[in-house]
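Student: Handing you this structure, nothing more for now.
The values are calculated or read from the model by the stated rules, or taken from the named source; none is laboratory data. Note that the structure is predicted; figures quoted are calculated from it, not measured. No Cβ is skipped: glycine too gets one built from the backbone with ideal geometry, and neighbour counts run over all protein chains shown. The accessibility values were calculated without ligands, DNA or RNA, using every heavy atom of the protein model including side chains. Shrake-Rupley method; radii C 1.70, N 1.55, O 1.52, S 1.80 Å.
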Amino acid sequence: MVRKKGSLILCGAFLFVAWNALLLLFLWGRPPIGRLGEGGGAEPGGKEEWGIGNGKVGGANLAGEVIRLAEEVESELETQKELLKQIESHRSLWARRKDVGKREMEGTKEEKKEDHKQPQLPPLPPKDSADNKDKSLDHISKVQIVTTVPDSKLDNKVENDIKKATVNSNKLEVTVTSPQIVIPILVIACDRVTVKRSLDKLIQYRPSAELHPIIVSQDCGHAETARVIGSYGSQITHISQPDLSDIRVSPAHRKFQGYYKIARHYKWALNQVFNIFSYSTVVIVEDDLEVAPDFFEYFGALYPILHADPNLWCVSAWNDNGRDGLVDPGKADLLYRTDFFPGLGWMLLKEDWAELEPKWPTAFWDDWMRQPEQRKDRSCIRPEISRTITFGRKGVSLGQFFDQYLRYIKLNTEFVPFTKQDLSYLVKEKYDENFVKEVYSAPQVKIEDLQQGGGLRGTGPYRVQYSSRDSFKVLARNLGVMDDLKSGVPRAGYRGVVSFLSRGRRVFLAPPEGWTHYDVSWS
């Protein structure tokens, strides 16, 4: 800027000097005033030399010539004055530009300083572990977890929530709310080309690809199944379990090789979801499950309760006794706590996987989950009407229970807006109080009264009591519910009680009042 200013000043000075030099040359080159030439000027040696000739005329011409020269000089001086004014005006303009540039540079420096002085936003509250989850429903209403997803609108919402937290950072409690939780779906696949049926329904009912990414993990290396999965393109993420080798097992377990491979696949796939993709939760389905229209709504609404209640460790879409005739078709919104791990479409948190992964079994992972050492008196949530059904009769279990039970499971078809409902009744303290009161205030009846109708009136509830493993199995078979127990826990049972419909009446198959724990010897 200084160099440019100096150049312009020198240019102006040069013009001033040049103009004056031209003026002098002009004046020096004019003819003498004593004689006028043909063009009206005076020429030396003429008749009208200075002091010769008519005095009046000579005096008049001399005075006029002096006046004319004075006017020309005055005109030239005015022109030079204008040039000087222009130079001065440019000088002030250069000064103003310099000041503006200086202020801009100072302003930039101040902004940088402000950026450095800007206080860091407080981090979001750390995710609670299983040991420090709040035991009251108030925790659910006050704090919900925000999970950032790759969506600009969601990112703006999270940013606004963080700003609110910053404003209230001096307060003890900071509410950060957002219903936008990323819940991925993990599909465990092998060699069923019918995985297409499962994926079609998942994609059909999925409300958001960003909030519910679908990850298909394939074992077995089956090329035709891989082609089916690959045909969905960017709608899903396809990963392949790399270790396809046989697992060395004892001779007695060679027929169970498939169960060993499934356990290996589950461990690898869940590690991918939590440790590679870094999700905080996941819903696991297998390649032979079809989902209900409100499948995603169901898990989205129950995530906050699963996260907040330390006495829960899963949410399942499955009711083991969900056959037509055993469930109330008018209660699609009814949910239960259950001590039996159902599987078949279930949600798991990352912190619970961190607990399970180091001791994950080599086979029979689902029965292993039902053992007291893993369950630790924790429960799951299940629906009255299943949000999944299985269509895979053939598999490693060789159709166990399929023809007798699984093929008759009723799939929910009514969309229930769970996210708009008050689900606080599922929190343990409130649920246990109401559940025990409802079960043991119900009149106790004999199985014959239920089967024959007898003098029973209304839709119940009624209570049928069992007192031993054998009595439970006999009553369960006669009432049409599943009679097997795992580590002493009946399927769909809670506190030993199995709830179902029998001939249109609500029935509780229950142990005596005052029940305290399961007997693992009943398995």
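Student: Scan segment 509-523 residue by residue and report those that are part of a strand (DSSP E or B) and either surrounded by fewer than 21 Cβ atoms within 10 Å (Cβ to Cβ) or small (Gly, Ala, Ser) (or both).
Tutor: Passing the criteria: only 510.
Student: Which condition does residue 327 not pass, out of (1) closer than 24 Å to residue 373 by Cβ; (2) of a type in the set (Val, Ile, Thr); (3) assigned to a loop (DSSP other than H, G, I, E, B), if it passes all the others?
Tutor: (1)
Student: Can you name the helices (runs of 4 or more DSSP H) wholly within segment 407-493 that have at least 3 residues being under 26 Å from residue 304 (Cα atoms) and in contact with a strand residue (DSSP E or B) (Cβ under 9 Å, 6 or more places away or on another chain)? Show your work before the answer.
Tutor: Working: elements: 428-441, 447-452, 469-479.
In segment 407-493, 428-441 are the helices (runs of 4 or more DSSP H) which contain 3 or more residues that are under 26 Å from residue 304 (Cα atoms) and in contact with a strand residue (DSSP E or B) (Cβ under 9 Å, 6 or more places away or on another chain).
Student: Next up: Can you name the number of the only condition in (1) open to solvent by 40 Å² or more (accessible area, probe 1.4 Å); (2) more than 17 Å from residue 186 (Cα to Cα); (3) touching a residue at least 60 places away in the same chain (Cβ under 8 Å) that residue 244 fails?
Tutor: Here residue 244 meets the rest and fails (3).
Student: Determine, yes or no, whether residue 474 is surrounded by 17 or more Cβ atoms within 10 Å (Cβ to Cβ) and hydrophobic (A, V, I, L, M, F, W, C).
Tutor: Details: surrounded by 17 or more Cβ atoms within 10 Å (Cβ to Cβ): no; hydrophobic (A, V, I, L, M, F, W, C): yes.
Considered against the rule, which asks whether it is surrounded by 17 or more Cβ atoms within 10 Å (Cβ to Cβ) and hydrophobic (A, V, I, L, M, F, W, C), residue 474 comes out as no.
Student: In the list 287, 333, 294, which residue meets the criterion of being in contact with a helix residue (DSSP H, G or I) (Cβ under 6 Å, 6 or more places away or on another chain) and acidic (Asp, Glu)?
Tutor: Result: 287 is the single residue among 287, 333, 294 that is in contact with a helix residue (DSSP H, G or I) (Cβ under 6 Å, 6 or more places away or on another chain) and acidic (Asp, Glu).
Condition check ((1) closer than 23 Å to residue 351 by Cβ; (2) touching a Pro at 6+ places or on another chain (Cβ under 7 Å); (3) not aliphatic (A, V, I, L, M)) across all residues:
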site: 198; (1), (2), (3): no, no, yes
site: 202; (1), (2), (3): no, no, no
site: 218; (1), (2), (3): no, no, yes
site: 226; (1), (2), (3): no, no, no
site: 248; (1), (2), (3): no, no, yes
site: 261; (1), (2), (3): no, no, yes
site: 278; (1), (2), (3): yes, no, yes
site: 284; (1), (2), (3): yes, no, no
site: 291; (1), (2), (3): no, no, no
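Student: Residue pairs, Cβ under 8 Å, 6 or more apart or interchain, first in segment 428-444 and over 16 Å from residue 338 (Cα atoms), second open to solvent by 50 Å² or more (accessible area, probe 1.4 Å). List them.
Tutor: 440/513; 444/465
Student: Among the residues of segment 416-430, is there at least one that is out of contact with any Pro (no Cβ under 9 Å at 6 or more places or on another chain) and of a type in the set (Ser, Thr, Tyr)?
Tutor: yes
Student: When residues of segment 354-380 are filtered for being part of a helix (DSSP H, G or I), open to solvent by 70 Å² or more (accessible area, probe 1.4 Å) and either among the acidic types (Asp, Glu) or touching a Gly at 6+ places or on another chain (Cβ under 7 Å) (or both), how many remain? Steps first, please.
Tutor: Applying the first criterion (part of a helix (DSSP H, G or I)) to segment 354-380 yields 354-359, 365-369, 372-375.
Next, only the ones that are open to solvent by 70 Å² or more (accessible area, probe 1.4 Å) stay: 358-359, 373.
Then keep just the ones that are either among the acidic types (Asp, Glu) or touching a Gly at 6+ places or on another chain (Cβ under 7 Å) (or both); that gives 373.
The number of residues fulfilling the criteria is 1.
Student: Among the residues of segment 194-208, write down those that are in contact with a helix residue (DSSP H, G or I) (Cβ under 7 Å, 6 or more places away or on another chain) and either without any contact (Cβ under 8 Å) to a residue 40 or more places away in the chain or of a type in the set (A, V, I, L, M) (or both). Talk me through it step by step, then tell me what you get.
Tutor: The first filter runs over segment 194-208 and keeps only residues in contact with a helix residue (DSSP H, G or I) (Cβ under 7 Å, 6 or more places away or on another chain), leaving 195-196, 203, 205-207.
Scanning segment 194-208 gives 195, 196, 203.
Student: Taking segment 203-230, which residues are exposed (fewer than 12 other Cβ atoms within 10 Å of the Cβ) and assigned to a loop (DSSP other than H, G, I, E, B)?
Tutor: The answer is 207, and nothing else.
Student: Working only within segment 158-202, note down all residues that are modelled with pLDDT of 95 or more and either exposed (fewer than 15 other Cβ atoms within 10 Å of the Cβ) or in a loop (DSSP other than H, G, I, E, B) (or both). Lay out the reasoning, then the answer.
Tutor: As a first pass, look at segment 158-202 and keep what is modelled with pLDDT of 95 or more: 182-202.
Passing the criteria: 182, 183, 184, 190, 191, 192, 193, 194, 200.
Student: Here is a list: 463, 503, 469. Which entry is open to solvent by less than 30 Å² (accessible area, probe 1.4 Å) and over 45 Å from the mean Cα position of the chain (by Cα)?
Tutor: Numbers: 503 fails: open to solvent by less than 30 Å² (accessible area, probe 1.4 Å); 469 fails: open to solvent by less than 30 Å² (accessible area, probe 1.4 Å).
Sole residue among the options that is open to solvent by less than 30 Å² (accessible area, probe 1.4 Å) and over 45 Å from the mean Cα position of the chain (by Cα): 463.
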